[in-house]
Structures are given as structure tokens and as C-alpha cells.
1. Might you tell me the accessible area per residue for the chain, computed with a 1.4 Å probe and given in Å²?
2. Quick one: which residues, 5+ away or cross-chain, put their amide H under 5 Å from the amide H of Tyr90? H built at 1.01 Å from N.
3. Rounded to whole Å, give me the distance from the Cα center of the range 52-97 to that of the range 1-36.
4. Read phi for every residue in the range 28-36 and hand back ³J(HN,Hα) as whole Hz from Karplus 6.51 cos²θ - 1.76 cosθ + 1.60, θ = phi - 60°, with x for Gly and Pro.
5. Give me the percent of the accessible area of the chain that comes from carbon and sulfur atoms, probe 1.4 Å, all protein chains in place.
6. Using only C-alpha atoms and all pairs of different ones, pull out the Kirkwood radius for the chain in Å with one decimal.
7. Compute, for the range 6-75, the length of the dipole vector about the Cα centre, with Cβ point charges of +1 (Lys, Arg) and -1 (Asp, Glu) only. Units Debye, rounded to 20.
8. Could you sort the peptides 39-47, 92-100 by per-residue average Cβ neighbour count (10 Å cutoff), highest mean leading?
Amino acid sequence: MSLHAVTDAASVPLAWRLYLPKDWADPQEPRRAKTGVPDQVDHREKWRPALDMADETRSWGLADQVVAADAGYGQFHGLRHGLAERGLDYVVAVRGDLNAHPGGAVPQAPERSGPGPRLPCYRTPARSLKDLALGQGARRVASVHVAAGLVSCRV
């Protein structure tokens, strides 16, 4: 996997990581030995090394840019949350079967109805990105933070 700096005219790779699929993590996996995967390399969720590369390139003093990613990365809440925590704007593709709440939705703790923790929850069901985007109008699509369909964005 790699992280690239991109302009309208060019692209240059800035960082690389070896992604090891989960079924290759077993030290006895024949493909692992055949391809020379080092013993210290283990499986990590695909989005974690992506955030590591973003952190690495930011440590070089490069100006923050909008992060773009395909659905192979964008479908993971951990990546979107990690980018948002870092204050990075992003546009990522997500699978059409994911659901979300509008950007302004806030989970609320339910009234106490017995013992146990009161975990916050949304009062309305999540909807598809298409439904959320159509409901917002063309000018406000960027306010849909985490949604399903074609694009999830925080800009």
C-alpha cells in the first residue's frame, strides 16, 4: 500500500507499507515463506497502516491536504474517524450498503429505566448516503459526514 501526493499534472509516492492479509499472518503459511515476508510483519487492519503513513508524512512538515481514498479504505470507520481526529479533510468512497446519520445528528442517553449503563443512541434510524444527500440538496452534500453510497466526506 502507498500514500501519494497528487496534482492535476503529476503524482509521486511518498510512503509505502506492506499489507499482510489476515490469512497470511500464520507463521506456517507457505505463501509467507515463499515470498519472504519478514517474521516481524503481522496482519493489521488495512486502515491502520494508512493512518501511520499519514502521520509519517505530516511529521515531515508537509502542508495538510485533502485525503482521498477508495472504498477499500473508506468503508472503515476507523480510517474516517482517525482522519477526522487529525483534523484532516477527506473524500472517500464507501460501499453502498453502509448507513449513516446526518452530520448534525447527536446520540442521546436514554432515560434511566433500570440498572446498567445508559448508552447514548440515535433517536432516528440511519439512512443511505443517497437519501441523506438528496435530502440536503446539492450545496450541502459536504455536511454528510459518514454515510453510505458513493462518497463520504468531511470538507
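The values are calculated or read from the model by the stated rules, or taken from the named source; none is laboratory data. Here the structure is a predicted model, which is why all the values come from computation and not from measurement. Glycine also receives a Cβ, built like all others from the backbone with ideal geometry; neighbour counts cover every protein chain displayed. Accessible surface is based on the protein model in full, side chains and every heavy atom, while ligands, DNA and RNA are left aside. Shrake-Rupley method; radii C 1.70, N 1.55, O 1.52, S 1.80 Å.
1. Roughly 67 Å² per residue, with all protein chains present.
2. Placed amide hydrogens put Val67, Arg154 under 5 Å from Tyr90.
3. 17
4. Along the range 28-36, the couplings run 8, 4, x, 5, 5, 5, 4, 8, x Hz.
5. About 55 percent, which is the carbon plus sulfur part of the accessible surface.
6. Mean inverse Cα-Cα distance, inverted, gives 18.1 Å.
7. 200
8. 92-100, 39-47
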